[in-house]
Every structure is written in C-alpha cells, then in structure tokens.
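A short write-up of the structure that comes next.
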Amino acid sequence: MSSTSVEIGDLTRVEADAVVNAANSTLLGGGGVDGAIHAAAGPRLLEACRRLRNTTHPGGLDIGDAVATPAFNLPASWVIHTVGPNLHRGQDDPALLASCFARSLDVAAELDVRSVAFPAVSAGAYGWPVPDVARIAVMTTRGWLAQHHEASIQQVRFVVVDERIRDAFDAVLRAA
C-alpha cells in the first residue's frame, strides 16, 4: 500500500529515491525550485540536462512531460524534471498540470524507485492557485497509485515551502 503525505521542507535535502524538479522547458536551470535543485546538485546536473537537449529533447521538454537525470550531489538518486503550465502565459488547462504529476510517476516507476518527493508544481512563479495545485496533485497522485498498484512506488511526499501550502495539501489529503 502506497502512502502520500505533505511536509514543509527543503526539496534539495530530502532523502527520497527521486525528487521532482519544477523545471522550465529549456531544462537548463532557472529560479525557484529549479534553481535550488541545480545549485544543490552541482554542475553535472546542468551537463546532464544539456545532453538531454542535444539528444532526446532538442526543442526542450513539453509542458506536462517528465524526464529523469541522476541527482549528483543531492541525497536523492534521481531528479525527475517536469514542466508545469504557466498561468501567467494563459496555460490554464488542469490536464496539463495533472500530467506533470502522472508523467513524473510514470518516469519514477520506470526507474523502479520506492519514494518520490514533489514540490507544489506551478504554484510559485507560474501563478497557479495553491488550492488548485493541491487538489490536482493529490487526486492525480492517488489515482495513479490506485491504477498502478504493481509499481515499485511506496511513498509520495509533497515537500512544500510554507504552512499555507502545507495546509492546502493537508486539507485535500484528509478529504480524499
């Protein structure tokens, strides 16, 4: 039986098999979670992302898709990069946001990991309301886990930056 939980913390210090990076489509680093993960993982993460751009993702990563790299200097083994929809750019389709969580779990299952830690994808600089992100993240994750009970994933943690976001996720986790 898989578990889902929420906590306040620093995603770059989480001990999980995989951490999810709220990346931008270039995969070459940015601000917020993306910048913190790149800084903590070290320069080899950028090199790995450049290799992806030169091989499998020459145009960048599509919104709602996910791809993995090693985690290098992070306590995790893998970084799963996903690109959330940017509400400020009119990207308001909840299915795109749900796809970030589902595709990240697909990739995690392909990697045969047991634990995954997510940020609140698209809730920061991309402007999505936290209650919407929490609802979509929790419902998508729980639905994915129910449909893929044979997958190796045993634990999904939402690691968020403050009490307001934690409380929004916690409310959905308790209601679902």
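List of remarks:
- Of all residues in the stretch 54-73, exactly one satisfies the criterion of being acidic (D, E) and either surrounded by fewer than 18 Cβ atoms within 10 Å (Cβ to Cβ) or modelled with pLDDT under 95 (or both), namely D62.
- Screening the candidates V121, V33, V116 for the property of being touching a residue at least 60 places away in the same chain (Cβ under 8 Å), buried (at least 22 other Cβ atoms within 10 Å of the Cβ) and part of a loop (DSSP other than H, G, I, E, B) yields one hit, V121.
- Against the conditions (1) in a helix (DSSP H, G or I); (2) surrounded by 15 or more Cβ atoms within 10 Å (Cβ to Cβ), L28 satisfies every one except (1).
- Out of A146, A108, sole residue that is among the small types (G, A, S), under 17 Å from S5 (Cβ atoms), assigned to a helix (DSSP H, G or I) and in contact (Cβ under 8 Å) with a residue 40 or more places away in the chain: A108
- In the stretch 71-130, residue farthest from the chain's Cα centre (by Cα) [restricted to those that are charged (D, E, K, R) and over 15 Å from A22 (Cα atoms)]: R89
- R51 satisfies every condition listed in (1) surrounded by fewer than 16 Cβ atoms within 10 Å (Cβ to Cβ); (2) touching a strand residue (DSSP E or B) at 6+ places or on another chain (Cβ under 8 Å) except (2).
- Just so you know, in the stretch 149-163 the residues that are of a type in the set (D, E) and assigned to a loop (DSSP other than H, G, I, E, B) include one that is farthest from the chain's Cα centre (by Cα), and it is E150.
The values are calculated or read from the model by the stated rules, or taken from the named source; none is laboratory data. Please read these numbers as outputs of a predicted model, since none were measured by experiment. Please note: Cβ atoms are built from the backbone with ideal geometry, for glycine as well, and neighbour counts cover all protein chains shown.
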